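Every number here is computed from the coordinates shown, using simple stated rules; none is lab data. Since this is a predicted model, take the numbers as computed values, not measurements. Don't worry about glycine lacking a Cβ; one is built from the backbone with ideal geometry, like all the others, and counts go over all protein chains shown.
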Amino acid sequence: MPIKVRLGVMLAERNIKSKDLAEHVGITEANLSLLKQGKVKGVRFETLEKICQYLDCQPGDLLRYEPGTGG
């Protein structure tokens, strides 16, 4: 899929643990891991909003469109 998730990069840049983000967002660490790996088909806007709120970022900071990388 040409949409790449940069959540792992954002967590590393902010020195935030996945466990803490998952707790704030209200999802399991396993589901957050799947999201970080880009192995989900979609994400709720509510979840995206909570992630952006916690990481103090924009949705575009978390997602990148890279044409020619699948699909």
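Taken over the stretch 36-71, the criterion of being within 12 Å of residue 3 (Cβ to Cβ) and in a helix (DSSP H, G or I) is satisfied by 59, 60, 62. Among the residues of the stretch 23-44, those that are in contact with a Ser or Thr (Cβ under 9 Å, 6 or more places away or on another chain), aliphatic (A, V, I, L, M) and under 17 Å from residue 59 (Cα atoms) comprise 25, 32, 35. Applying the selection to the stretch 22-35, what residues are out of contact with any Phe, Trp or Tyr (no Cβ under 6 Å at 6 or more places or on another chain) and part of a helix (DSSP H, G or I)? Passing the criteria: 22, 23, 25, 29, 30, 31, 32, 33, 34, 35.
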